[in-house]
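Trainee: What follows is a single structure, and I will ask about it in a moment.
Nothing in this text is a laboratory measurement; each read-out follows from the coordinates by a stated rule. Just so we're clear, the structure is a prediction, and the values are computed from it rather than from any experiment. Neighbour counts run over all protein chains shown; Cβ positions are idealised from the backbone, glycine included.
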Amino acid sequence: MKHYDRTIKQLAIYLIGLFTLTLGISLSIYAGLGVSPVSSLAYAFTLATGISVGLTTIIANVLFIVIQIIITREWKWRSYTAQFVITLFFGSFTDFTLWLVQAFLPMPETLPVRILYLIASLFVVALGLLGYLSARLPMMPYDALTYVISDHFHMAFSKAKVTSDLINVAIAGIVCLITVHQLGSIGIGTLIAALFIGKILGVFIRKWQHPLVTWMMYSKFEKHE
């Protein structure tokens, strides 16, 4: 029962984290100043095709799974299946939160409002990452790919993360330039997200990760044993 109780808590925090993360991404899209590196390719596909960002998020993450397979030359079906299922949730959450943002928040018609949405998105994304990472459940394909790059090419994780982000942003920029003849998903908001989300997340981790993990690991059934 203890294990069951803990797993339920982990799943709850994990899904809430994913939902919050997509809400932050949707805020950055609504701001229109450039999206974070992790979602830049998916949004570039949306601008190029008109397909919903949720569906292009799924497509982009399937591509990240394929790249993992190519790099490792291994078929880890359990890991890739878990990543694919997570991707389905993530894509669905993205479409839903973008609808919420567009339905209930004022249109960002002025630069100050757009900047406000962008700043809010940084904190919301960081909060979502806190829950998603603290749950210690399977990673999404983009994050898993970063670990694969780090391990396979013997790079420090931080360097692999920067490399993944730069490649993702570069490809997204190329897709936008070819299809819509402008940078589209890439903007000052992309740079700001790359610079500050990690710093904000670091603060959140120092303040809240330990009590959050402690709560998840504590079972209400322990006191009866």
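Trainee: At q = 0.14, 0.23 Å⁻¹, what base-10 log of I(q)/I(0) does the Debye formula yield for the stretch 12-120 when every alpha carbon is treated as an equal point scatterer in vacuo?
Mentor: Taking Cα atoms of the stretch 12-120 as identical point scatterers yields -0.59, -1.27.
Trainee: Right, here's the next one. Above 20 angstrom, tally the Cα pairs of the stretch 86-141 and express them as a % of all pairs, no decimals. Numbers along the way, then the final one.
Mentor: On the way: 574 of 1540 pairs.
Tail of P(r) above 20 Å: 37 percent of Cα pairs.
Trainee: If I stretch the segment between Leu191 and Asp151 completely, what's the gain in nm (0.36 nm per residue apart, minus their alpha carbon distance), one decimal?
Mentor: Additional length available on full extension: 11.8 nm.
Trainee: Take the cross-link list Lys161/Lys207; Lys9/Lys199; Lys76/Lys207 and give me the ones stretching past 29 Å between alpha-carbons. Write down the numbers at each step before the final one.
Mentor: On the way: Lys161/Lys207 23 Å; Lys9/Lys199 26 Å; Lys76/Lys207 35 Å.
From Lys161/Lys207; Lys9/Lys199; Lys76/Lys207, over 29 Å: Lys76/Lys207.
Trainee: At what distance in nm do the modelled label points of Trp215 and Ile16 sit from each other, each positioned 7 Å from its Cα along Cα→Cβ?
Mentor: 0.5 nm
Trainee: Let me ask something else. Please report the relative contact order for the chain, taking Cα pairs under 8 Å with a sequence separation of at least 6, and give it as a percent rounded to a whole number.
Mentor: On the way: 309 pairs, mean separation 86.2, N = 225.
Once normalised by length, the contact order is 38 percent.
Trainee: With a cut-off of at most 11 other beta carbons within 10 Å, and DSSP calling the residue loop, which chymotrypsin sites (Phe, Trp or Tyr not before Pro) in the stretch 86-163 qualify? Please list them. List each step's numbers first, then the result.
Mentor: On the way: sites: Phe89, Phe90, Phe93, Phe96, Trp99, Phe104, Tyr117, Phe123, Tyr132, Tyr142, Tyr147, Phe153, Phe157; in loops: Phe153.
Taking the stretch 86-163 and a limit of 11 other Cβ atoms within 10 Å, the loop chymotrypsin sites (Phe, Trp or Tyr not before Pro) found are Phe153.
Trainee: Where does the stretch 115-182 land on Rg/Rh, using Cα atoms and the Kirkwood Rh?
Mentor: Numbers: Rg = 15.0 Å, Rh = 14.1 Å.
Using only Cα positions, Rg/Rh for the stretch 115-182 is 1.06.
Trainee: What's the exposure ranking of Glu109, Glu74, going from fewest to most Cβ atoms within 10 Å?
Mentor: Numbers: Glu109 7, Glu74 11.
Placing the least packed residue first, the sequence is Glu109, Glu74.
Trainee: State the volume of the convex hull built on the alpha-carbon positions of the stretch 79-225, expressed per residue in Å³ and rounded to an integer. Let's see the in-between values first.
Mentor: Numbers: hull volume 27.0 nm³, N = 147.
Roughly 183 Å³ of hull volume per residue.
Trainee: Starting from the exponent 0.38 and prefactor 2.2 Å, build the expected Rg for the stretch 149-194 from its residue count and divide its actual Cα Rg by it. Please list the in-between numbers first.
Mentor: Working: Rg = 12.8 Å, N = 46, 2.2 N^0.38 = 9.4 Å.
Here the Cα radius of gyration is 1.35 times the empirical estimate.
Trainee: Amide H to amide H under 5 Å from Leu183: which residues, 5+ apart in sequence or cross-chain, H placed 1.01 Å off N in plane?
Mentor: The answer is none.
Trainee: To continue, here is another question. Cα centroid distance between the stretch 20-48 and the stretch 145-199, in Å?
Mentor: Taking the Cα centre of the stretch 145-199 as reference, the centre of the stretch 20-48 is 13 Å away.
Trainee: With a 10 Å Cβ neighbour count serving as the proxy for reagent exposure, in which order, fewest first, do Met140, Met107 appear?
Mentor: Numbers: Met140 21, Met107 9.
Listing Met140, Met107 from fewest to most nearby Cβ atoms yields Met107, Met140.
Trainee: When the Karplus curve 6.51 cos²θ - 1.76 cosθ + 1.60 is applied with θ = phi - 60°, which whole-Hz ³J(HN,Hα) does each residue of the stretch 34-51 get, with x for Gly and Pro?
Mentor: Each residue's phi maps through the Karplus curve to give x, 9, 5, x, 5, 10, 5, 5, 4, 5, 4, 4, 5, 4, 6, 10, x, 6 Hz.
Trainee: How long, wide and thick is the stretch 75-116, going by the Cα atoms along their three principal axes, in whole angstroms, largest first?
Mentor: Largest first, the stretch 75-116 extends 49, 18, 10 Å along its Cα principal axes.
Trainee: On to the next question. For the residue pair Ser79 and Val203, what label-to-label distance in nm results when each label sits 7 Å from Cα along the Cα-to-beta-carbon direction?
Mentor: 3.5 nm
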